[in-house]
Amino acid sequence: MEQFFFFLFAAGAVISALLVISRRNVMHCALFLVLTFFFVAAIFVLLKAEFLAAVQVLVYAGAIMVLFTFVIFLVHIPRTEKIRQTFRQKNLALALGLLLGLEVAYILYGTMAAPASLPAAAPVGAVGNTESFGVALFTRFLFPFEVVSVLLLAAMIGAIVLAKKEIDR
Amino acid sequence: MEVFLRGYSALGPYVPVFLFIVVAVTFGIVTLFIAKLVRPHRPYPEKLSPYECGVPPLMEARERFFIRFYIIAILFVLFDVEAAFLYPWAVLYGKLGLYGFIEMMIFIGILLVGYFYAWRKGALDWVKEG
């Protein structure tokens, strides 16, 4: 049952990811990317990582996609649609793809040899995934968590400084 | 329903969610398909032109956007990430107590500096003053 749903969501993710890179209309690509994020979130749910699934939908399908659409709006789409697509990096892409495939095969071989099924993201039981994540975040990883806020602050100030110049002009 | 829940108890709460999505998507597809079968199909240029409140379209809709939207978008992304951290904190609030409260206040405080910076710099004003 779990396997059936895994293959369903995995197939959905792969198919929508293929559509992301094969559509001509950039806006359609972006929408298929949202679909891919949703399928990946479903796989996270299957792995019992509910919090990660929620964040995947909230931050990736919500916020990161806003940034992608912005990049799409910043380039002039009607002009880019006229450009002929080329495959100049075909050989490099093939080599890197093979390398990645070998790596994934190696990892798969490793997990097949070990008598373990799908690894659960966190100890499930009385405590939920969100709770165990929170305990780790607010006790063991407290300092990295506070540093994240500084990182976000730096991103915010950087964006304002960069965009302000354009606005004042 | 019970058949789904048996032997699949860990993900039980998500079965209704999955069924909801399946029904919603199927409803949309079936409705469009039936409408396509039933409706007459007689297109002409006026009917196919995009409707803009009755005014003739001025230019291509897919133009480059004003940079001011970009600041709003990036501020949204950053505060969205902050909000994502608030969920586990809210779940654990009872356990963490004062310690957790101070932790989160420091986190929000640092981000508030950025918010006030954006405010003071006028990044949130839509029309430039002065």
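The values are calculated or read from the model by the stated rules, or taken from the named source; none is laboratory data. For clarity, every value in this text was computed on a predicted model and none was experimentally measured. We place every Cβ from the backbone using ideal geometry, glycine too, and count neighbours over all the protein chains shown.
Residues in region B:69-79 include at least one that is aliphatic (A, V, I, L, M), touching a residue at least 12 places away in the same chain (Cβ under 8 Å) and touching a Lys or Arg at 6+ places or on another chain (Cβ under 9 Å). Checked against the criterion of being among the small types (G, A, S), under 23 Å from B:P13 (Cα atoms) and at pLDDT 90 or above, region A:13-35 contains one or more residues that satisfy it. Exactly one residue out of B:F101, B:F85, B:F69, B:F76 is crowded, with 16+ Cβ neighbours inside 10 Å and either modelled with pLDDT of 85 or more or part of a helix (DSSP H, G or I) (or both), and it is B:F85.
B:V91: surrounded by 15 or more Cβ atoms within 10 Å (Cβ to Cβ), hydrophobic (A, V, I, L, M, F, W, C) and in contact with a Ser or Thr (Cβ under 7 Å, 6 or more places away or on another chain), yes or no?
Numbers: surrounded by 15 or more Cβ atoms within 10 Å (Cβ to Cβ): yes; hydrophobic (A, V, I, L, M, F, W, C): yes; in contact with a Ser or Thr (Cβ under 7 Å, 6 or more places away or on another chain): yes.
Yes, satisfied.
For region B:87-110, the count of residues that are more than 24 Å from A:V135 (Cβ to Cβ) and at the interface with chain A (Cβ under 8 Å from one of its Cβ atoms) is zero.
With respect to (1) closer than 24 Å to A:L52 by Cα; (2) outside any helix (DSSP H, G or I); (3) not polar (S, T, N, Q), the lone exception for B:I108 is condition (2). Filtering region A:21-70 to residues that are among the hydroxyl-bearing types (S, T, Y) and farther than 17 Å from B:V77 by Cα leaves A:S22, A:T36.
In region B:40-62, the count of residues that are touching an Asp or Glu at 6+ places or on another chain (Cβ under 9 Å), within 14 Å of chain A (Cβ to nearest Cβ) and basic (K, R) is zero.
For region A:42-60, the set of residues classified as at the interface with another protein chain (Cβ under 7 Å from one of its Cβ atoms) and not in a helix (DSSP H, G or I) consists of A:K48 only.
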